[in-house]
Each structure stands twice: as C-alpha cells, then as structure tokens.
1. Which of the residues belonging to region 115-140 are basic (K, R), assigned to a strand (DSSP E or B) and closer than 26 Å to Y347 by Cβ?
2. Show the residue pairs meeting these rules: Cβ distance below 9 Å; 6+ apart or different chains; first residue within region 240-257 and assigned by TED's automatic domain parsing to the domain that holds V348; second residue charged (D, E, K, R) and surrounded by fewer than 17 Cβ atoms within 10 Å (Cβ to Cβ).
3. Looking at T147, T98, T143 in this structure, which one is surrounded by fewer than 20 Cβ atoms within 10 Å (Cβ to Cβ), of a type in the set (S, T, Y), outside any strand (DSSP E or B) and modelled with pLDDT of 95 or more?
4. What is the residue count in region 111-138 for residues that are within 22 Å of H343 (Cβ to Cβ) and out of contact with any Leu (no Cβ under 8 Å at 6 or more places or on another chain)?
5. Of T255, T161, which residue is closer than 24 Å to F334 by Cα and not hydrophobic (A, V, I, L, M, F, W, C)?
6. Quick check on this structure: which one of D79, D105, D134 is touching a Ser or Thr at 6+ places or on another chain (Cβ under 9 Å), over 22 Å from D204 (Cβ atoms) and not hydrophobic (A, V, I, L, M, F, W, C)?
7. When you go through V89, V124, V116 one by one, which is the residue that is loosely packed, with under 12 Cβ neighbours inside 10 Å, assigned by TED's automatic domain parsing to the domain that holds I189, closer than 26 Å to R156 by Cα and in contact with a Ser or Thr (Cβ under 7 Å, 6 or more places away or on another chain)?
8. Quick one: in region 191-205, which of the residues that are in contact with a strand residue (DSSP E or B) (Cβ under 6 Å, 6 or more places away or on another chain) and surrounded by fewer than 15 Cβ atoms within 10 Å (Cβ to Cβ) is nearest to V33 (Cα to Cα)?
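The values are calculated or read from the model by the stated rules, or taken from the named source; none is laboratory data. These numbers were taken from a predicted model, which means no experiment stands behind them. Virtual Cβ from ideal backbone geometry, glycine too; neighbours counted across all protein chains shown.
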Amino acid sequence: MSKKLFFIAVIVMLVFSLAACGSGDDPIAVIAVNNPIGDVAAYDKLVFTYDEGNNIVFKGDGGLSYWSISEAGVGTLVDYEGSLPASVVESEGVRTYTFNVDGLDASFQIYVIPEVPVGDANDVVMVAFRYEQDNVINQKGGTFDATGMKVYEVQRDGDVTVLNGEDIVSQFDDQDYDPLGTDGFKTKISYTVTYTSLSGYTQDFDVYVAGGEKPISSADANFFDKALIIPVAFVMNFFGALFGGSFALAILFTTIVVRSIAWPIYAKSNDLSIKMNVAQPDMQRVQAKYATRKDPQSQQQQQMEMMAVYKKHGINVFGCLLPFLQMPIFIAMFNVVRRITVHGGMYVDSVINTNFFGINLSNQRDGIIGMVLAGIVGGTMFLLQRISMKKPSYAKKTVSHNPNATGAQTEKTMKFVSYFMVIMMAFASFQSNALALYWIFGNIYSLGQTLINRRLNEKKHEALQQKQLMG
C-alpha cells in the first residue's frame, strides 16, 4: 500500500508541476484591431454624416473589438468596453483614435463625411479591416493568409465597398517575408503587410509570428530530424501522395511500415523473455546455493556461475536494452504526425486532405469529437495493457522457489502505473485529432502484434524446453 501511495503522490506532484508550467506569464505582444462596422447595410459605426460627427457610437453589434495576441501566439478576441478614446487625430474626415491595452497602443479609424467634401467622390479615403485570428497570427514557418478577412474601402462620399480577403490576395504585400531566417525559422517577431486598393490607397497592418511546431524542413533540421524524422516524413509523404493527399491513410500505412520495421526488435525482446523463463530453474538453483553465503569470494563465484547459465541458454545480458532501440523510431513517428502539416514544411502538400469521415485531423482540443477519439485511444490502450500483462501459459506453469510479498506488490504497482499511463495517453490524445488517430492505429497494430507473438512464443518455448531436455 505504501508504494501505491507513493505513486499517487508522484502523480499529484506531476499534475501540479504541469499546471505550474502552463500558468506562467504570457505577455501581450500585439493588438490587432477590428474596426467598428455596425449595420452591414448602413455601416453606422464606421461612416457618419457631418451632423453625427459629435455623437459617435462605435460599440454594440459590429462594434469595436480587437485581437489580443500573446507572445505564445494565443489570440483572444475582446469587445472594447471603454469610452471613445480622447486621443484622436483627424485628416479630411478620417478620425484616428488611439487607446491603450496592457501598455500597447492600438488605433482604429472612422470616417465623418466633411460638410464640404473636396475631391472625387469615388476616391478611397480610408480602409478598415476585420480580421480572423489566422490573418494576424502565424505559427513558425507560416506566411500571411487573407482567408476570412474582410476589407472595407470607404469612399469620399461615404459609400463602402466590402471585399473578401481570399478574393483579392494580389492586393496584399507581405514585403517578401521569408519565414526561414539565417538561424532557422523565425519566431516571436512581427512583420508588416500592406494592402493597396485598386485606386492606389495603402494601409498597413502587422502579423505576429508565434512559436508552435517546427515545420519539417531540411533547411532547419537538426541531427535527429535528418536521421529519423525526415526519412519517416518521406514515407508518410509517399503514402499521402499515393492516396490523393489523405492524411489519415498516410498515417495508417506509415504506422504499419514503422511498426513492422520495429517488429524484429520486439521479437528479440520476447526471445529474451522466453530464454529467461526457460533458464529460471538453473538460475534459482544458483541463487539457492549462495543464499546464505555473502562473502565477496562466494558472491564472485555466484556471478561466474550465473554467467555460465546465461551462456548455456544463449542469453545476452545486454538484451534488456533492446526495447530502448524502438524509442527513437516511435519518437520520430510522433513528431512527424504533429509536424508534417505545419506550414513551411517540405511535405505539407502531400497530406493536404485532413478530413477523415467528417473529422478534421488538423483540429486540436476538438470538443466532443476530440473526447470520443481520446476515449477510443484509452480503450484500445487499456485492452493492449491487459493482454500484454496477462501471463502466457508457460509462465503460469513456472514454479517460483522463492515466493515473496515484494514480488506481488511490485506486480500490483506495475499494473497501477500502466493504467495511469492509459489515462495520460488518453488525455494527451485530446490535444490533437491526428495524434489520437495515430495512437488508435498504433494500438490496434500492437494488439495484433502481441497476439501473434504470444502464439509464436508458445512454440518457441516448447522447442527450447525440448532442446534442453535433449541435452
């Protein structure tokens, strides 16, 4: 019981540590203002007559709001709750108001039609923007995307032309922004995008580059990227291109390839387990022989006799390290699933179809869908753990010459830890639909692998026992 309490305490400390890591300061880096628009027909919070100029209403439906963008790249849309800012500059009817958010100045514009307008009534005198989050935040490796953005061109006579950003991409200039710098992909910086109307009026706004996952690119690759991540990503790229850009099928077949490559290592580990089981009687005889002899010479002699037992049964003492050889491969696969769709990567176009039976694999923390996927991950992992921990028939038949309570307690502790890992994996899979799907495929593959190896191991164990009996 004391060990179980110890592990519970460790888990609680881990949870609090993770919470503490996520609760640090994340200062505001950029304020991106959604100009007030008002009624979509009258634009009564964007354009005012001369008589309305001293009675400006800029809040309410379609009113002033802004994106508060933190250094970590978290965007929060906030409705402005303050009064009309006192800081204002006016030029030919265009009023620019400045307000402050967390120490950062931000501004918005409205247009008051002059009592006596001067110039062509159709001239554009002001441009207002309403942004989606992705218009003003890039992840590492991303570039400006005008999709979903609204552009309002205000003419001198007060008429407003509304344009969709995705329809006028050529009118945005990001000054040839390159997400890849001399030291790798840029992060935690801003760059300027200039909008130019067909009549020549220009308006600038900033796009903030947050952190996020690093794109898979040979131009910014470390040793692990070059050795494993890029090769695994190439395999996923191959299957993605083969199946019309399907991310789901690319994950499925790459999982099969990667797990199959690691299968010989898994089989070797099982061989070691079988040999250790067959060698148990000889090992226990040696242990019993020296159970009461603790002098250095006897201990040395015990080690020599134990090594002879290992040699007799073909046991390599370094075989216990074999499972660790699988870890780099699985870590690479984990990274590829998370990073292959990140903009700026080499293989983004080959996995462009992220739809899987109505599930968008690019979504994170996807509400009910994410919970269902996490539940399936947890369920398949739980089943895999139960089957893996179930002793094979030859292990059940093995008689222990030194039964003790410590071994039973250790077994209970291992079960407790394995079930905790199931919960942690389910929780982690909720963070990404693509990651959840990978773990579902991987768990199903491992279930089949375990059942097949269990049957093969029964035959191998019987063969080894026969070999031992025959001399």
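1. Keep residues of region 115-140 that are basic (K, R), which gives 130, 140.
Still in the list and also assigned to a strand (DSSP E or B): 130.
The answer is none; no residue qualifies.
2. Partner pairs satisfying both residue conditions: G240/D349; A241/D349; G245/D349.
3. Details: T98 fails: outside any strand (DSSP E or B); T143 fails: modelled with pLDDT of 95 or more.
Going through T147, T98, T143 in turn, just one is surrounded by fewer than 20 Cβ atoms within 10 Å (Cβ to Cβ), of a type in the set (S, T, Y), outside any strand (DSSP E or B) and modelled with pLDDT of 95 or more: T147.
4. Of all residues in region 111-138, those within 22 Å of H343 (Cβ to Cβ) come to 129, 131-138.
Pick out the ones that are also out of contact with any Leu (no Cβ under 8 Å at 6 or more places or on another chain) and you get 129, 131-132, 134-138.
Counting residues in region 111-138 that are within 22 Å of H343 (Cβ to Cβ) and out of contact with any Leu (no Cβ under 8 Å at 6 or more places or on another chain) gives 8.
5. Numbers: T161 fails: closer than 24 Å to F334 by Cα.
Among T255, T161, only T255 is closer than 24 Å to F334 by Cα and not hydrophobic (A, V, I, L, M, F, W, C).
6. Details: D105 fails: over 22 Å from D204 (Cβ atoms); D134 fails: over 22 Å from D204 (Cβ atoms).
Sole residue among the options that is touching a Ser or Thr at 6+ places or on another chain (Cβ under 9 Å), over 22 Å from D204 (Cβ atoms) and not hydrophobic (A, V, I, L, M, F, W, C): D79.
7. Among V89, V124, V116, only V89 is loosely packed, with under 12 Cβ neighbours inside 10 Å, assigned by TED's automatic domain parsing to the domain that holds I189, closer than 26 Å to R156 by Cα and in contact with a Ser or Thr (Cβ under 7 Å, 6 or more places away or on another chain).
8. Looking at the filtered set, the residue picked out is D204.
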